[in-house]
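Take a look at the structure below.
Coordinate-derived values only; no laboratory data. None of the values given here were measured: they were computed from a predicted structure. Backbone-built Cβ (ideal geometry, glycine too); neighbour counts: all protein chains shown.
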Amino acid sequence: MIIRKYQPADCKTLTELFYDTVHTVNAADYTEEQLNAWAAGNVDLEEWNRSFLESYSLVAVKDDVIIGFGNISKTGYLDRLYVHKDHQGEGVAAAICDRLEEAVQGKIITHASITARPFFEKRGYRVIKKQQVKRQGMILENFVMEK
């Protein structure tokens, strides 16, 4: 596996990986309606590309296939961290997260899903608060976490 910087040509693949991961990996912790609200499958590619370019964004590649990605802002907001459903438990998220965390100084904040909370806790993040966010009329529970 190699980890490299995001390139605009990656964007569509990342949105597909995001959708597939949310709808499989997170399915144990959220209802189908919540999953559809979280990842509806109709993302704005220009908006996603812009957000990746405005932050430190990394992509994990194995055998020429993108298997994960993540991004963090200059201010330490870890926005996205997703790993392909077929590559869970292989250390992909940890490898990406290591590099993202090294890129900023000071506190790191993330909004972790119920599914991701244990991963972040093992990395030393602590829950600041549990929150409910509204996405397309659905309430989703997640956790503001800090390291």
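See the values below:
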| item | result |
| --- | --- |
| Condition check for GLN105: without any contact (Cβ under 8 Å) to a residue 40 or more places away in the chain, touching a Gly at 6+ places or on another chain (Cβ under 9 Å) and either exposed (fewer than 15 other Cβ atoms within 10 Å of the Cβ) or basic (Lys, Arg) (or both) | yes |
| Residue match in the range 69-80 (condition: among the aromatic types (Phe, Trp, Tyr) and crowded, with 18+ Cβ neighbours inside 10 Å) | yes |
| Residues of the range 119-147 satisfying the condition of being touching a Ser or Thr at 6+ places or on another chain (Cβ under 7 Å) and aliphatic (A, V, I, L, M) | MET145 |
| The one condition in (1) surrounded by 13 or more Cβ atoms within 10 Å (Cβ to Cβ); (2) free of Cβ contacts under 8 Å to residues at least 40 places away in the same chain; (3) in contact with a Ser or Thr (Cβ under 9 Å, 6 or more places away or on another chain); (4) of a type in the set (A, V, I, L, M) that ALA112 fails to fulfil | (3) |
| Residue that is surrounded by the fewest Cβ atoms within 10 Å (Cβ to Cβ) [pool: residues in the range 27-55 that are under 14 Å from ILE139 (Cβ atoms) and not hydroxyl-bearing (Ser, Thr, Tyr)] | GLU33 |
| Qualifying positions in the range 10-30 - touching a residue at least 40 places away in the same chain (Cβ under 8 Å), out of contact with any Phe, Trp or Tyr (no Cβ under 6 Å at 6 or more places or on another chain) and within 15 Å of THR115 (Cα to Cα) | ASP20, THR24, VAL25, ASN26, ALA28, ASP29, TYR30 |
| First in the range 83-98 and within 11 Å of THR24 (Cβ to Cβ), second anywhere and among the charged types (D, E, K, R) and part of a helix (DSSP H, G or I), Cβ under 9 Å, 6 or more apart | HIS84/ASP20; LYS85/ASP20 |
